[in-house]
1. Show me 195-205, 318-328 ranked by packing, highest mean number of other Cβ atoms within 10 Å first.
2. State, to one decimal in nm, how far the label point of Asp122 lies from the label point of Arg297, with both points 7 Å from Cα in the Cβ direction.
3. Whole-Hz ³J(HN,Hα) for each residue in segment 92-105, computed from phi via Karplus 6.51 cos²θ - 1.76 cosθ + 1.60 with θ = phi - 60°, x for glycine and proline: what do you get?
4. Long-range amide H contacts for Val136: which residues qualify at under 5 Å (H placed 1.01 Å from N, peptide plane, sequence gap of 5 or more or a different chain)?
5. Find the all-direction average of the projected area of the Cα convex hull for segment 205-307, expressing the result in square nanometres with one decimal place.
6. Using each residue's phi in segment 204-211, evaluate 6.51 cos²θ - 1.76 cosθ + 1.60 at θ = phi - 60° and report the 3J(HN,Hα) Karplus result to the nearest Hz, with x for Gly and Pro.
7. Could you state the principal axis extents of the C-alpha atoms in segment 131-261, from the largest down, to the nearest angstrom?
8. State the volume of the convex hull built on the alpha-carbon positions of the chain, expressed per residue in Å³ and rounded to an integer.
Amino acid sequence: MHYPDTKLPQVGTTIFTRMSALAQEHQALNLSQGFPDFDGPQALLSRVDHYIRQGANQYAPMSGVPSLRTAIAAKVERCYGRRVDADAEVTVTSGATEALFAAISAVVRPGDEVLVFDPAYDSYDPAIALNGGKAVHIPLQPPAFEIDWEQVRQAISPSTRMIILNTPHNPTGQTLAAADMQALSDLLAGTDILLLADEVYEHIVFDGEAHQSINRYPALAERSFVVSSFGKTYHTTGWKIGYCVAPAPLTAELRKIHQYLTFSTSTPMQLALADYLKDDPQHDQALPAFYQAKRDRFNARMAESRFTFTAAAGTYFQVMDYSAISDLPDTEFVIWLIEQAGVAAIPLSVFYQQPPEMRLVRFCFAKSEATLDQAAERLCKI
């Protein structure tokens with residue numbers, strides 16, 4: 001029998017899966033894959049148990065339970081001043097990655113080009129390729145990883161369908177500023193180019209800065225899918241619950257894809273999240289300080305190491321330069337780091353189509369204080 005050729009010839013097991021497996025094999029501290037080693041709020045977990053016991057265990061409505069969509073719409077208005085229609089413009093998805101895939105699948109057709117900024121989250125390219133599109137990669141240069149908007153202008157062609165933005169940015173921890181949003185708005189004025197805004201770390205922005213959501217900018221919002229994640233906000237990544245806010249015409253197309261991907265998402269978890277959003281809206285407001293304390297604790301201890309770094313502006317990731325430690329390529333250095341220091345990290349080059357010359361790795365600091373202290377102690381010894 002002859003099996004068909006692969007539709008994704010460049011895709012193998014993700015770096016996150018590989019590094020977590022190596023960490024487990026070597027009993028290393030896992031600062032690679034981006035998930036907390038602590039649990040979500042007890043009140044939220046209790047509400048899930050409540051709804052399970054109340055019998056809310058059947059399919060949810062395809063677009064999401066009404067109370068959660070209403071709570072999301074209220075949060076968008078509270079945080080960003082944008083009023084959205086909970087029925088026509090908010091969709092609950094089985095994780096933010098599903099929302100990203102559904103958004104790309106809804107509008108990208110064979111021959112379309114999608115602008116992607118490298119280093120880029122690894123789900124973008126496969127979704128574009130599977131829909132016949134072409135990813136046009138624009139590399140961001142370390143250490144600042146800033147977007148050159150003139151370079152973006154030059155990359156736009158008559159075939160450009162979409163631009164994917166990620167802020168706060170995984171893996172670099174950088175954020176876009178209001179000036180970036182104005183430059184983007186000027187660039188897209190008079191075009192039909194769509195935006196896909198990956199804002200899953202929207203509530204993890206540091207040093208008193210405000211998250212520059214697409215939702216703050218009406219001219220951008222009208223052409224955008226804005227995707228976020230309850231897993232990142234409530235320390236429950238294993239629940240795989242995200243959502244997408246988009247104008248009604250774009251939402252209608254996204255739901256056509258969503259209903260045949262997962263159809264719906266866990267009912268008791270949606271109901272619990274709706275209650276928690278209503279009862280404790282302060283949670284997301286407290287999140288920057290919560291994670292900044294972890295960033296600062298880890299970085300203060302790492303200041304005694306041979307790694308060099310600039311503190312992350314957002315996310316729960318810290319990029320560090322190991323040039324003073326090793327000349328190994330980053331894909332080899334992270335293996336050496338597991339074997340010699342017992343700490344797992346992610347190499348930055350895997351997020352690039354054509355990586356620049358650099359010696360950078362990403363550590364996740366969404367960990368307990370004990371884990372961060374132990375990891376820093378190990379890393380300071382190399």
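1. In decreasing order of mean packing, 195-205, 318-328 become 195-205, 318-328.
2. About 2.9 nm, to one decimal.
3. 8, 10, 7, x, 5, 4, 5, 4, 4, 5, 5, 5, 5, 5
4. Val114, Leu115, Val116
5. The orientation-averaged projected area of the Cα hull of segment 205-307 comes to 9.4 nm².
6. Here the 3J(HN,Hα) series is 10, 10, 10, 6, x, 7, 9, 5 Hz.
7. The Cα atoms of segment 131-261 stretch 40, 39, 27 Å along the principal axes, largest first.
8. Residue-normalised Cα hull volume stands at 155 Å³.
All of the numbers you see were taken from the coordinates with simple rules; none came from a lab. Computed from a predicted structure; not experimentally measured. Neighbour counts are summed over all protein chains in view; Cβ atoms, including those assigned to glycine, are modelled from backbone coordinates with ideal geometry.
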